[in-house]
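Structure first, then comments.
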Amino acid sequence: MSLSSEQCRSDTLGDEKFIDAEIDNIPLPATPSRSRRAQIFLGASLVLLALNLRPLFSSLGALLPEVIRSQGLSPSAASAITTLPVLCLGLFAPTAPLLARRFGAERTILGFMAALAVGTVARGFGGTPELIAGTLLSGAAIAIINVLLPGLIKRDFPQRTGLMAGLYTMALCAGAAMAAGLSIPLERLFDSWGLALGVWAIPVILAIVCWMPQVPPKRPASHPGRPIVRGLWRCPLAWQVTIFMVLQSMLSFTVFGWLAPILRDRGMHADLAGIVVSVSVMAQTVACLFAPMIAAGLRDQRWLSVIVVVLAVGGFMGCLFAPLSSIWYWAVLQGIGQGALTSVALTLIVLRSENAYVAAELSSMVQGVGYGAGATGPLLVGVLHGWSGGFGAVGALFLLAGALAIYVGMRAGRAMYVKGTVYEIRVRERLTTGLAR
């Protein structure tokens with residue numbers, strides 16, 4: 001039940017007082033007014049950040065057979081390496097809101113973009129220890145940035161949420177496509193899979209330079225409290241959005257990490273397999289641009305969720321079992337479905353949130369659990385391949401995941417807000433103000 005300011009309920013917990021108030025009565029953090037040019041530059045900077053959040057995954061997937069041969073890795077070890085960066089997304093995502101409250105979202109993003117650059121360079125040294133260490137550092141950095149960007153979109157582009165969510169997810173897919181398509185040629189150019197991985201630090205550095213003007217010189221003194229959101233972990237709708245993310249990330253990161261090896265195992269040349277994956281991921285960029293705008297314009301997103309799951313899983317089945325002569329059709333279909341599925345899952349974070357505070361906390365929950373549990377996708381593919389000697393069992397796995405995603409998507413797509421309460425802790429007054437819907 002929503003309470004007006006005259007109907008506030010006061011409770012005592014220890015020596016701190018909690019007061020429930022109408023959400024509209026509490027100001028969001030002040031953001032400086034921007035000219036149209038500054039707003040466009042901010043949007044472009046956000047897109048450039050997103051462009052660097054997926055090459056970590058697809059570049060390694062494209063070069064995985066070379067890494068296995070060079071380092072003498074077993075199938076289980078190769079599976080662990082492809083799972084490691086996705087697992088990092090789940091392990092480190094919950095820390096993002098804490099870091100943002102302490103240092104500010106913009107400054108936190110800048111620091112972890114620098115960490116991403118260092119981790120990417122470390123992967124370029126071409127040894128297994130450096131690959132693992134660089135992947136861990138880069139995965140942790142991407143986890144933090146992943147969580148914070150949707151909150152910034154909600155805060156800074158409240159009237160253009162669909163457009164910015166589309167550009168954001170489009171950039172994610174475009175970065176993955178570039179890495180999938182160019183990593184094999186780069187390996188041939190440098191005669192080193194390590195350098196082909198390390199070269200992706202260059203666009204990261206460019207993004208850092210563009211993001212630096214967005215970082216305020218210091219945290220605004222006018223914001224007296226530290227907002228904390230509670231109650232999301234007890235909200236069924238929040239869990240439905242989260243499980244939807246789990247299932248889409250299982251499929252998404254399997255495509256990034258294993259589609260090229262799957263095609264090569266079916267007899268396709270390495271260069272052509274990389275190009276097929278790149279084309280598939282490029283098809284994702286088109287869907288990523290339009291799907292969030294479609295989702296934001298609908299009354300609810302239930303049937304849209306069903307459609308995109310069917311397209312993504314159906315295209316993946318075609319890549320697994322259909323004749324290679326038809327692979328381009330299935331790769332493009334999978335790309336359109338996967339791009340729409342990924343962007344709808346991310347857009348639901350914004351659409352199910354009533355304000356930027358809740359969006360940031362829901363993003364932490366959805367991406368922390370979603371990517372952490374979603375890491376089982378690439379891991380299970382490797383385990384099933386090692387157990388069966390082929391990829392046939394993978395089809396049954398993802399048919400099951402698709403069926404579950406359809407059910408959960410129908411629930412997560414309902415036109416509702418998650419139930420989260422925002423508390424503003426005033427340190428000097430020992431007063432915490434709760435913001436209830």
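The values are calculated or read from the model by the stated rules, or taken from the named source; none is laboratory data. In this text, all values refer to a predicted model and were calculated from it rather than measured experimentally. Heads up, the Cβs are rebuilt from the backbone with ideal geometry, glycines too, and the neighbour counts pull from every protein chain shown. In case anyone asks, the SASA skips ligands and DNA or RNA and just uses the protein heavy atoms, side chains included. Shrake-Rupley method; radii C 1.70, N 1.55, O 1.52, S 1.80 Å.
Values computed for the structure shown
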read-out: Leu351 being surrounded by fewer than 22 Cβ atoms within 10 Å (Cβ to Cβ) and in contact (Cβ under 8 Å) with a residue 40 or more places away in the chain; value: no
read-out: Enumeration of residues in the stretch 180-194 that are open to solvent by less than 70 Å² (accessible area, probe 1.4 Å) and either farther than 14 Å from Pro65 by Cα or more than 26 Å from the chain's Cα centre (by Cα) (or both); value: Gly181, Pro185, Leu186, Glu187, Ser192
read-out: Matching residues in the stretch 153-176 - criterion: being open to solvent by less than 20 Å² (accessible area, probe 1.4 Å) and within 25 Å of Leu87 (Cβ to Cβ); value: Tyr168, Thr169, Ala171, Leu172, Cys173, Gly175, Ala176
read-out: Any hit, the stretch 104-122, residues being touching a helix residue (DSSP H, G or I) at 6+ places or on another chain (Cβ under 8 Å) and among the basic types (Lys, Arg); value: no
read-out: Odd one out for Ala114 among (1) open to solvent by less than 10 Å² (accessible area, probe 1.4 Å); (2) among the aliphatic types (A, V, I, L, M); (3) at pLDDT 90 or above; value: (1)
read-out: Helices (runs of 4 or more DSSP H) (entirely within the stretch 152-219) containing at least 3 residues that are under 22 Å from Ile275 (Cβ atoms); value: 161-190, 193-198
read-out: So Leu89, is it surrounded by 22 or more Cβ atoms within 10 Å (Cβ to Cβ), under 21 Å from Gly267 (Cα atoms) and in contact (Cβ under 8 Å) with a residue 60 or more places away in the chain; value: no
read-out: Residue match in the stretch 326-345 (condition: in contact (Cβ under 8 Å) with a residue 24 or more places away in the chain, surrounded by fewer than 24 Cβ atoms within 10 Å (Cβ to Cβ) and under 22 Å from Pro236 (Cα atoms)); value: no
read-out: Candidates Leu56, Leu42, Leu48, Leu28, filtered to the one that is modelled with pLDDT under 85 and not small (Gly, Ala, Ser); value: Leu28
read-out: Selected residue (only one of Leu110, Leu89 is over 13 Å from the mean Cα position of the chain (by Cα) and aliphatic (A, V, I, L, M)); value: Leu110
read-out: Where a residue in the stretch 233-245 is within 15 Å of Gly90 (Cα to Cα) and open to solvent by less than 10 Å² (accessible area, probe 1.4 Å) and its partner, wherever it lies, is of a type in the set (Val, Ile, Thr) and modelled with pLDDT of 95 or more, with Cβ under 7 Å and at least six apart; value: Phe244/Val408
read-out: Matching residues, the stretch 99-129, being among the polar types (S, T, N, Q) and either more than 14 Å from Ile144 (Cβ to Cβ) or in contact with a Cys (Cβ under 9 Å, 6 or more places away or on another chain) (or both); value: Thr120, Thr128
read-out: Subset tally (residues that are more than 20 Å from Val381 (Cα to Cα) and part of a helix (DSSP H, G or I)) for the stretch 312-326; value: 3
read-out: Candidate set from the stretch 195-209 (those that are buried (at least 18 other Cβ atoms within 10 Å of the Cβ) and more than 20 Å from the chain's Cα centre (by Cα)); member that is nearest to Phe57 (Cα to Cα); value: Leu197
read-out: Failed item, numbered, when Ser138 is tested on (1) surrounded by fewer than 24 Cβ atoms within 10 Å (Cβ to Cβ); (2) closer than 20 Å to Cys210 by Cα; value: (1)
read-out: Residues satisfying the stated conditions in the stretch 261-301, i.e. modelled with pLDDT of 85 or more, closer than 15 Å to Cys319 by Cβ and of a type in the set (Gly, Ala, Ser); value: Gly267, Ala273, Ser280, Ala283
read-out: One residue from Thr169, Thr108 being in contact with a Pro (Cβ under 8 Å, 6 or more places away or on another chain) and β-branched (Val, Ile, Thr); value: Thr169
read-out: Some residue of the stretch 170-177 being in contact with a helix residue (DSSP H, G or I) (Cβ under 9 Å, 6 or more places away or on another chain) and over 26 Å from Val344 (Cα atoms); value: no
